[in-house]
Amino acid sequence: MKAMREMNNERGFSMMEMMIVVVMIGLMASLAAPSWLEQMPRLEAKAQAREVVSKLREARSLAIARKEAVGVSFDGINNIWEVFLDNGPADNVHSAGDSVMSTGQIGIRVTMSYNSFANTDVIFNPDGTAAQSGAICLAAEGGSITYTIDVLASTGRVKMVEGYFPLGL
């Protein structure tokens with residue numbers, strides 16, 4: 001008898017209460033999933049834009065450290081980029097004689113919608129300046145957002161902005 005009274009005094013959740021909580025969590029998750037899926041291309045575009053900025057800054061740092069021209073070449077058709085050491089003549093173009101240092105791919109749901117650089121190559125000089133100013137735009141699938149990466153020739157500064165603003169205009 002005493003054991004029965006002790007069991008009745010124990011506190012906790014019944015199986016029914018636990019099932020109601022699980023069902024409510026499931027309903028809330030099913031409502032949130034569509035909005036999360038809509039954000040995926042936007043998030044991927046931002047991540048890819050940050051990676052391109054990182055590679056451009058890495059190329060600039062390598063050019064200064066190695067005291068040689070280093071560039072990043074972009075292939076908008078195949079959505080790939082290459083960081084290369086400009087071994088060829090001082091033509092500021094990625095050519096067959098250049099040493100490729102690293103290669104990467106822009107995400108599947110991201111496209112390069114604009115590139116104003118000659119031959120789509122961004123070249124950094126040994127003093128950290130860029131061979132020319134220009135902009136690269138990456139757009140999310142469906143065109144929901146565009147990220148623009150500006151490079152300023154006089155300083156080699158690399159900057160990313162949300163939206164389509166070539167050269168910060």
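The values are calculated or read from the model by the stated rules, or taken from the named source; none is laboratory data. Note that the coordinates shown come from a computational prediction; the quantities given were computed from them, not determined experimentally. Reconstructed Cβ throughout: ideal geometry from the backbone, glycine too, with neighbour counts over all protein chains shown. These accessible areas exclude ligands, DNA and RNA; they are computed on the full protein's heavy atoms, side chains included. Shrake-Rupley method; radii C 1.70, N 1.55, O 1.52, S 1.80 Å.
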For this session: Working with all protein chains in place, sort Arg66, Arg60, Arg50, Arg11 by solvent-accessible area computed with a 1.4 Å probe, largest first.
Result: Arg11, Arg50, Arg66, Arg60
For this session: Please give the contour-minus-distance gain from Asn87 to Ala65: 0.36 nm per residue of separation, less the Cα-Cα distance, rounded to one decimal in nm.
Result: 6.4 nm
Exercise. In nm², what is the average projected area of the convex hull enclosing the Cα atoms of the stretch 41-158?
Worked result: 6.3 nm²
Seminar exercise, completed: For the stretch 137-152, in residue order, the Karplus 3J(HN,Hα) values (coefficients 6.51, -1.76, 1.60; θ = phi - 60°; whole Hz; Gly and Pro = x) are 10, 10, 10, 6, 3, x, x, 5, 7, 10, 10, 10, 10, 9, 10, 9
Exercise. With every protein chain in place, what's the accessible area of Ser116 (1.4 Å probe, Å², nearest 10)?
Worked result: 50 Å²
Exercise. Roughly how many Å² is the accessible area per residue of the stretch 99-161, as a whole number, for a 1.4 Å probe?
Worked result: 41 Å²
For this session: Return the ratio Rg/(2.2 N^0.38 Å) for the stretch 96-156, where Rg is computed over Cα atoms only.
Result: 1.29
For this session: Show the residues, 5+ positions off or on another chain, whose built amide H is closer than 5 Å to the amide H of Ser113.
Result: Cys137, Leu138, Ala139
Exercise. Excluding ligands and nucleic acids, what accessible area in Å² is computed for Ser113 using a 1.4 Å probe, to the nearest 10?
Worked result: 70 Å²
Seminar exercise, completed: Once all protein chains are kept in place, Glu44 shows an accessible area at probe 1.4 Å, nearest 10 Å², of 40 Å²
Problem set entry | Sequence-distant residues sharing a close amide H with Ala153 (under 5 Å, placed H) | Ser133, Gly134
Problem set entry | Estimated inter-spin distance, Leu43 and Lys159, nm [label 7 Å along Cα→Cβ] | 2.9 nm
